[in-house]
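Worksheet: one structure, shown below.
The values are calculated or read from the model by the stated rules, or taken from the named source; none is laboratory data. Since the structure is predicted, the reported quantities are computational estimates derived from the model, not experimental observations. Glycine also receives a Cβ, built like all others from the backbone with ideal geometry; neighbour counts cover every protein chain displayed. Quick note on the areas: whole protein, heavy atoms, side chains included, nothing else; ligands and nucleic acids left out. Shrake-Rupley method; radii C 1.70, N 1.55, O 1.52, S 1.80 Å.
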Amino acid sequence: MDFAAHAARVLDTAAARGADYTDVRFERTRSEHIEVRNGDVNALSDTRSDGYGVRALVDGAWGFASSNGFDDSALDDAAARAVAMARAGASIAARRLGAIPSDTYVDVFATPVERDPRTISIGERIALLLEAEKLLHAAPSVVVGRAWMDLWRTEKFFFSSTGSRIAQTIVQSGSAISALAVGAGEAQVRMWPGDRGLYQGGGWEIIEAAQLRENAQRIGEEAHQLLTAPQCPSGTMDVILGGSQVSLQIHESCGHAAELDRVMGWEANFSGTSFLSPEQLGTLKYGSDIVTIEIDNSLARGIATVGYDDEGTKSVRADVIRDGMLVGFESSCDTARTIDRPSNACVRAQSWQHVPMIRMCNLNLLPGTTPFEGLFDDVAHGVYMEANRSWSIDDRRLNFQFGCQIGWEIVNGKRGRMLKNPTYGGVTPQFWNSCDAIGDAASWFAWGTPNCGKGEPMQTGRTTQAAAPARFRNVAVGVGYGS
């Protein structure tokens with residue numbers, strides 16, 4: 001398909017209709033999903049979609065339209081609708097903050113792929129999942145075993161009226177297993193890897209790295225053992241969180257809170273607003289001195305890693321929290337301009353049908369210097385928790401409660417008996433300020449989330465929060481929260 005010719009028509013039509021600036025993003029996507037459950041294949045899909053989205057700027061206001069029609073009339077209509085929407089917005093806007101992007105790029109980007117998933121037959125994929133799922137049934141109490149994988153391939157072609165021409169091929173993959181055990185009057189679940197699987201940028205090598213077969217029996221055994229494990233105690237104590245749980249903690253209490261559209265009150269759907277404000281930059285002690293959280297949209301194997309975002313801004317590394325201090329936000333071109341900063345390329349759309357918006361992308365807690373086993377030192381009484389099971393956080397991202405799938409008691413620096421239903425809660429800045437040790441680079445891992453929701457209509461995004469296990473002092477643990 002001649003995207004350059006299609007783009008030229010869209011840009012020319014929009015200019016003729018009065019647009020000050022226009023960009024068009026063509027996308028070709030393929031999404032594959034396989035899931036097995038209790039020995040049967042219960043989901044098998046292979047979906048393809050082609051289309052484009054047009055953004056037009058008129059008098060400082062944006063309009064957006066999308067289409068999957070590629071004939072001249074459809075291209076003209078999409079451009080005209082985007083311009084008309086922008087003009088309508090400009091006629092009623094109290095503030096017109098849109099501006100023509102200052103940077104222009106001509107470039108190509110492709111996700112590094114070691115083994116193309118398209119070379120792996122459906123039979124081989126299903127066999128892997130069936131073998132792993134069978135091994136989950138390590139005890140009669142495991143009544144439901146599940147194993148699944150997702151493979152995504154997206155080709156994007158971005159053209160702007162200022163001369164940007166960007167082609168990107170993005171490959172993302174992920175897989176997981178889950179065991180549900182029932183008995184002793186309750187149910188327990190264990191998943192691997194982490195609490196949602198291993199999802200990263202890359203090809204079949206990501207599926208292999210998850211090691212589903214190698215860990216399935218252990219995961220089934222742990223689900224069974226949890227049925228009769230002692231209940232996690234309640235009280236104020238030290239907590240060590242596994243890497244995937246730290247990743248979720250970053251996602252919920254830092255990532256969404258630091259989206260600049262939420263901070264400015266422009267966005268409140270699905271995940272609420274934020275307790276943060278631009279005035280807190282450089283003054284709010286968000287965490288302890290060892291806590292540094294940065295945007296890195298060039299991260300190796302990050303599921304949100306791209307060369308350019310959906311505004312055509314080049315991927316960068318940028319600080320959100322540096323040495324515990326709030327120093328930045330996830331931004332778009334327009335929001336960044338309101339705080340006199342450059343955009344840090346955090347704009348994404350779920351697909352060609354969707355308007356681009358600020359999204360959490362790769363937002364990572366930098367590793368510390370403590371080996372994993374060293375995190376247990378100096379803990380007289382505490383709990384080590386892994387893999388999220390439930391979460392609750394208020395609509396300003398301030399007060400939270402998280403439950404994990406499994407825990408282990410810590411006594412005098414040693415990990416002891418398994419505990420079920422571990423939970424902890426806190427207030428975001430106090431919690432992060434209680435962090436006194438972070439695992440080293442050997443335990444640091446790019447944990448991807450394939451299903452982050454935002455917006456109305458809701459868009460699903462894919463985001464990475466790379467993290468290592470970390471230790472937090474004097475945390476409210478258990479149902480009683482310090483009682």
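Observations
- Modelled spin labels at LEU97 and PHE270, positioned 7 Å past Cα toward Cβ, are 1.9 nm from each other.
- Using the alpha carbons alone, the radius of gyration of region 1-109 stands to its Kirkwood radius in an Rg to Rh ratio of 1.16.
- Evaluated with a Cβ-only charge set (Lys, Arg +1; Asp, Glu -1), region 306-385 carries a dipole of roughly 340 debye about its Cα centre, given to the nearest 20.
- For the chain, a simple Cβ point-charge model (Lys and Arg +1, Asp and Glu -1, everything else neutral) yields a dipole of about 460 debye relative to the Cα centre.
- When +1 charges are put on Lys and Arg Cβ atoms and -1 charges on Asp and Glu Cβ atoms, the dipole computed for region 381-474 relative to its Cα centre reaches about 220 debye.
- Each of GLY60, THR47, ALA147 was scored by the projection of its Cα onto the charge dipole of region 1-152, and the greatest displacement toward the positive side belongs to GLY60; charges sit on the C-beta of Lys, Arg, Asp and Glu.
- Computed packing ranks the peptides 58-67, 402-411 as 402-411, 58-67, most packed first, by mean other Cβ atoms within 10 Å.
- The chain: angle of helix 212-226 to the longest principal axis, Cα-based, in degrees nearest 10: 50 degrees
- Positive-end residue, the chain charge dipole about Cα centroid, Cβ charges, pick of LEU128, GLY265, TYR199: GLY265
- Surface/4 of the Cα convex hull for the chain, nm²: 22.8 nm²
- Set of lysines near LYS156 by C-alpha distance (under 30 Å), chain-local residues within fewer than 8 positions excluded: LYS314, LYS454
- Range of Cα positions in region 40-157 per principal axis (Å), largest first: 66, 33, 30
- The chain - percent of accessible surface contributed by carbon and sulfur, probe 1.4 Å: 51 percent
- Residue-span extension gain [ALA110 to MET1] - 0.36 nm each, minus C-alpha spacing: 37.3 nm
- Surface accessible to a 1.4 Å probe, per residue, for the residues of the chain, Å²: 38 Å²
- Cα centroids of region 331-399 and region 66-94: 34 Å apart.
- The loop-placed trypsin sites (Lys or Arg not before Pro) in region 90-132, going by DSSP, that have at most 15 neighbouring Cβ atoms within 10 Å of their Cβ come out as ARG95, ARG96, ARG115.
- The gain in end-to-end length when the SER351 to ALA184 segment is fully stretched comes to 55.6 nm, 0.36 nm per residue minus the alpha carbon separation.
- Average silhouette area of region 409-483, convex hull of alpha-carbon atoms, in square nanometres: 7.7 nm²
- Principal-axis analysis of the Cα atoms of the chain puts helix 72-92 at an angle of about 80° to the longest axis.
- Net length gained if the chain between ARG118 and ARG341 were fully extended (0.36 nm per residue, minus Cα distance): 76.1 nm
- Here the simple spin-label model places points 7 Å from the Cα toward Cβ, and for SER49 and THR228 these points are separated by 4.8 nm.
- Legend: Rg and Dmax of region 279-431, from Cα coordinates, 18.6, 55 Å.
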